[in-house]
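The values are calculated or read from the model by the stated rules, or taken from the named source; none is laboratory data. Source: prediction; values computed, not measured. Here the Cβ is made from the backbone with ideal geometry for all residues, glycine too, and neighbour counts use every protein chain on show.
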Amino acid sequence: MIRTDLRGESVPGAGILIGQDQRRWYIATATHLVREGAQEARSIAVQFRWLQTPVLARLARAVPRPPDLAVLTVERSPAIDEGASRLSLDRLGSPEGVSRGDAVFALGPA
């Protein structure tokens with residue numbers, strides 16, 4: 001669960017863990033959850049189901065509609081890493097078969 005403060009309102013949404021590096025986890029979500037026009041959300045909190053409290057996230061990149069895609073980052077911690085290590089992740093394809101300009105389709109509610 002992702003919750004943002006956008007235009008003074010609490011806005012709920014969802015995201016998908018899409019990767020990690022040595023310092024951060026990366027989460028894909030919708031741009032309309034974290035930005036409206038030029039205004040970015042004042043705060044972005046991610047609630048992992050295995051943690052008691054939400055953690056703060058930062059907006060790394062946002063692409064307006066379409067495709068309405070944003071990437072958030074969350075700093076890695078032992079608690080996040082331990083819970084994420086128990087997730088079952090599937091690879092839907094091979095990154096070697098993807099090229100710049102290929103079509104991308106979003107799944108989920110509109």
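Side notes on the structure shown:
- Taken over segment 45-58, the criterion of being within 10 Å of the chain's Cα centre (by Cα) and within 12 Å of GLY15 (Cβ to Cβ) is satisfied by VAL46, ALA57.
- Scanning segment 40-48 turns up no residue that is assigned to a loop (DSSP other than H, G, I, E, B), among the polar types (S, T, N, Q) and surrounded by fewer than 10 Cβ atoms within 10 Å (Cβ to Cβ).
- Of GLU9, GLU36, all but one fail to be over 26 Å from ASP81 (Cβ atoms), among the acidic types (Asp, Glu) and without any contact (Cβ under 8 Å) to a residue 24 or more places away in the chain; the exception is GLU9.
- Residues considered: LEU33, LEU72. Of these, the only one that is crowded, with 17+ Cβ neighbours inside 10 Å and at pLDDT 95 or above is LEU72.
- Extreme residue, nearest to the chain's Cα centre (by Cα), among residues of segment 21-42 that are acidic (Asp, Glu) and within 16 Å of ASP68 (Cβ to Cβ): GLU40
- The one condition in (1) surrounded by 10 or more Cβ atoms within 10 Å (Cβ to Cβ); (2) of a type in the set (Gly, Ala, Ser); (3) not in a strand (DSSP E or B) that SER99 fails to fulfil: (1)
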